[in-house]
Each structure stands twice: as structure tokens, then as C-alpha cells.
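Right, one structure below, let's go through it.
Laboratory data are not the source of any read-out in this text; all were calculated from the coordinates shown. Computed from a predicted structure; not experimentally measured. When we count neighbours, we look across all protein chains shown, and the Cβ atoms used for this are built from the backbone with ideal geometry, even at glycine.
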Amino acid sequence: MDEVDAAFERRFAKIAMEPSREILEELLDGNGAVDPLRRRLLGFFSKVNDYWARLNPLAKIGHTFFTAVEDEASLRSVWDHQLKFIFEKAYRLDDDTLKEIHRDFEGIFSPQIAGNDVTMATGSIAAENENPATTTPIPAETGDAVGRSREGETDDH
């Protein structure tokens with residue numbers, strides 16, 4: 001598959017179009033997606049692009065993946081048919097991170113899956129029974145991103 005990707009890359013010009021939370025918001029609003037699904041998806045999108053993609057640029061996802069998302073079923077379809085393959089490729093040698101990303105995605109539907117009783121509120125994340133010294137910081141601009149922690153990690157990465 002990598003050989004096919006390389007062949008296409010050599011033959012086509014590229015135009016940079018960075019992921020845009022604002023465009024994603026417009027798409028979701030236009031599709032009639034409502035909170036909390038809308039808000040949680042925006043948080044997941046921001047976390048992927050502001051945190052996970054910094055660790056591995058292959059994990060970056062664009063807003064156009066979500067052009068048809070209007071409810072849970074359509075969002076799960078995007079995961080099942082597109083997103084999971086992107087993350088599997090990006091983290092094929094890092095099963096723990098792949099599992100964390102999947103848990104973050106599932107947290108869109110049930111916040112308890114994403115962490116220790118994670119509660120999602122606009123602009124903040126509250127996690128009960130979690131040691132702040134082991135919580136990976138989420139960039140301020142991510143809004144409702146799903147929290148995550150790893151044993152032994154600290155805030156000064």
C-alpha cells in the first residue's frame with residue numbers, strides 16, 4: 001500500500017489545507033449535529049490535531065472527514081471506514097497510543113470510557129480520582145478534548 005501512496009504522491013500536485021475546527025463547526029451545524037455529540041467531536045478533533053498529530057504527523061485528520069456527520073451512527077461510520085485506518089497506520093508500532101486514541105474516540109459517545117469518570121464541560125475537563133502529575137496537558141485551544149494520562153508522565157514534556 002505504501003508503494004501505491006508514493007506513486008500517487010509523485011504524480012499529483014498538492015495544495016495544503018490544514019484541518020480547521022471552525023470549518024468543522026460549520027459542517028456540523030449545517031448537518032444539524034447537536035450537543036453533546038457536536039461538542040465532544042470538536043474536542044476529539046482538536047485533541048487529535050493539537051496533541052496526537054504533534055507526536056506523529058501521520059495522525060493528523062482534516063475536517064472533511066466529517067462532512068456527512070449528523071449523528072452517532074454517521075460518526076461511527078467515519079471511524080469504521082476511514083479514521084481507524086489512519087490511526088492504525090500512524091501508530092502501527094505503538095499499540096498503547098492507538099488504544100488511547102480509540103478510547104478518546106469512544107469518549108465522544110460515553111465520557112466515562114475516555115478516562116476516570118471524565119466529565120465534559122465547555123472549555124474544561126474534570127477527571128475525578130486522577131493524579132494531576134500524571135495527566136497529559138491538553139492545549140488550551142482544544143476546548144472539550146478528552147483527557148488522557150499515562151503512568152509516570154508529568155506536565156513538563
**Prompt:** Is it the case that K84 is buried (at least 21 other Cβ atoms within 10 Å of the Cβ), assigned to a helix (DSSP H, G or I) and within 13 Å of the chain's Cα centre (by Cα)?
**Reply:** no
**Message:** It is to be established whether one or more residues within segment 44-56 are in contact with a Phe, Trp or Tyr (Cβ under 8 Å, 6 or more places away or on another chain) and touching a residue at least 60 places away in the same chain (Cβ under 8 Å).
**Reply:** yes
**Prompt:** Could you give every pair whose Cβ atoms fall below 7 Å, whose first residue belongs to segment 14-41 and is touching a residue at least 24 places away in the same chain (Cβ under 8 Å) and assigned to a loop (DSSP other than H, G, I, E, B), and whose second residue is among the polar types (S, T, N, Q) and crowded, with 17+ Cβ neighbours inside 10 Å, counting only separations of at least 6 or pairs across chains?
**Reply:** P19/N49
**Message:** Just the residues that are surrounded by 15 or more Cβ atoms within 10 Å (Cβ to Cβ), part of a helix (DSSP H, G or I) and in contact with a Leu (Cβ under 9 Å, 6 or more places away or on another chain), please, taken from segment 52-67.
**Reply:** H63, F65, F66
